[in-house]
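The structure appears right after this line, and notes come after that.
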Amino acid sequence: MSPFVTAFVGDTSWTDYTITLKARKLAGENGFQIYFHHLKNNDRLRWDLGGFSNSVDLLEIGVTSATMSATIESGRWYDVKIELRGNSARGYLDGKLVQEVGDIRTSVKGLFTSAARDDKSGDVILKVVNVFFESLAAQIELKGAGALTGSGKAVVLTSGNHWMKHA
């Protein structure tokens, strides 16, 4: 097989399914990648076995991924199984569970947050980032903050340049 050949598995409308296949690395610095639930290059799920110069396995589900040290042997056939259930995926090699990851987008809706208090000024600084293209409503609860008084200021940053959509 030639380098840079890609196969895409599954249908984007499928939700719970299992992919099974045999794969082997013929040559080169990396192992192989299995793409599934592929919408476009920046919206797909994948299991990269022996990636990054044959040093890691990377199971990637949306914005969540799990990486572990691993290599793929040249010339050896591997039995590969990927189970997709709800918002999680499990990757098996030769019948053994190797990696498991869930997509946090289903629970946090693409929000990432951090909160800190400036001891000198008493200011509470809350940062909220929506990593998806759609707007969404959110309710923020600052546990342990006690009763907050005074005024607040919101700084909203947006961009009309959705570079990720065109990647």
With respect to Lys81, determine if the residue is surrounded by 11 or more Cβ atoms within 10 Å (Cβ to Cβ) and modelled with pLDDT of 80 or more.
yes
Looking at the structure I just gave you, is Ile72 surrounded by 13 or more Cβ atoms within 10 Å (Cβ to Cβ), of a type outside the set (Phe, Trp, Tyr) and farther than 15 Å from Ala23 by Cα?
no
Restricting to the stretch 86-101, name every residue that is touching a strand residue (DSSP E or B) at 6+ places or on another chain (Cβ under 7 Å) and either surrounded by 17 or more Cβ atoms within 10 Å (Cβ to Cβ) or at pLDDT 90 or above (or both).
Ala89, Arg90, Gly91, Tyr92, Leu93, Asp94, Gly95, Leu97, Val98, Gln99, Val101
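Counting only residues that are of a type in the set (Lys, Arg) and over 23 Å from Thr64 (Cα atoms), which one in the stretch 117-159 is modelled with the highest pLDDT?
Residues of the stretch 117-159 that are of a type in the set (Lys, Arg), as a first pass: 117, 120, 127, 143, 153.
If we keep only those that are over 23 Å from Thr64 (Cα atoms) as well, we get 117, 120, 143, 153.
Values: Arg117: 77, Lys120: 87, Lys143: 73, Lys153: 82.
By that ranking, first place goes to Lys120.
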Tally of residues being free of Cβ contacts under 8 Å to residues at least 24 places away in the same chain and over 12 Å from Ala23 (Cβ atoms) across the stretch 75-97:
5
The stretch 11-50 - residue that is surrounded by fewer than 16 Cβ atoms within 10 Å (Cβ to Cβ) and small (Gly, Ala, Ser) and, of those, modelled with the lowest pLDDT
Ser13
List pairs: first in the stretch 53-74 and assigned to a helix (DSSP H, G or I), second not acidic (Asp, Glu), Cβ under 7 Å, 6+ apart or cross-chain?
Ser53/Asn30; Asn54/Asn30; Asn54/Gly31; Asn54/Thr71; Asn54/Ile72
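Would you check if Thr64 is at pLDDT 90 or above, closer than 21 Å to Leu97 by Cα and of a type in the set (Val, Ile, Thr)?
On the way: at pLDDT 90 or above: no; closer than 21 Å to Leu97 by Cα: yes; of a type in the set (Val, Ile, Thr): yes.
For Thr64, the condition - at pLDDT 90 or above, closer than 21 Å to Leu97 by Cα and of a type in the set (Val, Ile, Thr) - is not met.
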Output the number of residues of the stretch 110-130 satisfying the condition of being within 16 Å of Leu148 (Cβ to Cβ) and touching a residue at least 40 places away in the same chain (Cβ under 8 Å).
0
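The values are calculated or read from the model by the stated rules, or taken from the named source; none is laboratory data. All of these numbers come straight from a predicted model, not from anything done at the bench. Using ideal geometry, Cβ is built from the backbone for each residue, glycine included, and neighbour counts are taken over all protein chains shown.
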